[in-house]
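Below is one structure, written out as structure tokens; comments come after it.
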Amino acid sequence: MPNSSPSLFVFLIAVPVFIITIALEWWYASKDKDRALYDLADSTTNLQLGSGQLLVGLLSKGPLLALYAFLHEWALSWGVPNWDQSHWGLWILGFLIMDCAYYWFHRFSHEFNFLWAAHAVHHQSEYYNLSVALRQSWFQQIYSGLFYLPLAFLGIPMSMFFLLNALNTLSQYWIHTQVITQLGPLESFLNTPSHHRVHHGTDDEYVDKNYAGALILWDRMFGTFAQETNAPRYGVIKALRTWN
């Protein structure tokens, strides 16, 4: 089994960052009495779902990685180059392929009902804050990795896959906030909090828009981009009035 320690290290660093930044955002939001960014029951639910998703993800990783390793070796046997991981160009290419694959995974999760049944959990919060980033379906982890298998066919080593997947996932944490408004020129190519607020909106002009992971370029390219013009209404169109 390839060494996954770099990606594990990234996640170990991320956990205290999550805790600290959520606490800071909660404290900052508590000073604004005119709008409620957090709700204790909602945030508790978010953290419980995130913990369950992490556990299921750990249990389901084995079959995915075995399949990735098999397909990678099969690709090499058909003449796909055994790439040098020290080449920076390979990392850029791998990052772009990973991010594009995430776009299509995310888009399909909205367009196909059997995938939306799992992904809807992430959208059911009517709040929008950093804790919502951790609100994930327990079952999405089981199939989401299938969308990244093209990296194996292209000869991307599994150790790179580990790290690229971790970085792509973590890059989507900070965009779940209302504290950051606009980021100037970065809005043109990065997926920013403004762009992702649109994605979580239930307003007619925002529904099924801005599926991007790290780069908003995919939405601009495939016709699913929408600019934030008004403050979104968060949640799902048919709301569930329960914390269960």
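What follows is calculated from the coordinates using simple rules that are stated; it is not laboratory data. Bear in mind the structure is a predicted one, so any value in this text is a computation, not a measurement. With ideal geometry, Cβ positions are generated from the backbone for all residues, glycine too; neighbour counts draw on all protein chains shown.
Put simply, the amide H of Leu190, placed in the peptide plane, has neighbours under 5 Å in Ile216, leaving out anything fewer than 5 places away on its chain. In region 17-146, Cα pairs under 8 Å separated by at least six residues give a relative contact order of 45 percent.
Taking every C-alpha pair closer than 8 Å and separated by at least 6 residues, the mean separation divided by the residue count of region 116-244 gives a relative contact order of 26 percent. In order along region 118-135, the Karplus-derived 3J(HN,Hα) couplings, from 6.51 cos²θ - 1.76 cosθ + 1.60 at θ = phi - 60°, round to 8, 5, 4, 3, 5, 9, 6, 5, 8, 10, 9, 8, 4, 5, 5, 4, 8, 7 Hz, and Gly and Pro are given as x. Would you please classify the overall shape of region 41-90 from the alpha carbon gyration tensor, given that a ≥ b ≥ c denote the square roots of the eigenvalues, rounded means a/c under 1.5, and beyond that prolate means a/b larger than b/c while oblate covers the rest? Oblate.
Fully extending the segment from Ile237 to Leu190 would add 14.2 nm, taking 0.36 nm per residue of separation and subtracting the current Cα-Cα distance.
Take the Cβ atoms of Asp84 and Asp204, set R0 to 35 Å, and the FRET efficiency comes out at 0.10. Footprinting exposure proxy ranking of Arg35, Arg107, Arg233, Arg135, fewest other C-beta atoms within 10 angstrom first, gives Arg35, Arg233, Arg107, Arg135. State whether the chain is rounded, prolate or oblate according to the following rule on the C-alpha gyration tensor (a ≥ b ≥ c being the square roots of its eigenvalues): a/c under 1.5 gives rounded; otherwise a/b larger than b/c gives prolate, and the remaining case gives oblate. Since a/c reaches 1.5 and a/b is larger than b/c, the shape of the chain is classed as prolate. With contacts taken as Cα pairs under 8 Å and at least 6 residues apart, the chain reaches a relative contact order of 24 percent. The long axis of helix 158-170 is offset from the longest Cα principal axis of the chain by roughly 10 degrees. Helical runs (DSSP H, four residues minimum) scored at -39500 (n - 2.57) apiece and divided by the length of the chain put the mean residue ellipticity at 222 nm at -18000 deg cm²/dmol. The distance linking region 55-72 with region 159-209 is 26 Å (Cα centroid to Cα centroid, whole angstrom). Backbone phi angles across region 42-58, fed through the Karplus curve with coefficients 6.51, -1.76 and 1.60 (θ = phi - 60°), yield HN-Hα couplings of 5, 5, 4, 4, 4, 5, 5, 5, x, 5, x, 4, 5, 5, 4, x, 5 Hz in residue order; Gly and Pro are listed as x.
Summing charges over neighbours of His195, with a neighbour being any other residue whose Cβ is under 15 Å away from its Cβ, gives -3 when K and R count +1 and D and E count -1. From the Cα gyration tensor of region 100-244, with a ≥ b ≥ c the square roots of its eigenvalues, which class applies: rounded if a/c is under 1.5, or else prolate if a/b is larger than b/c, or else oblate? The shape class here is oblate.
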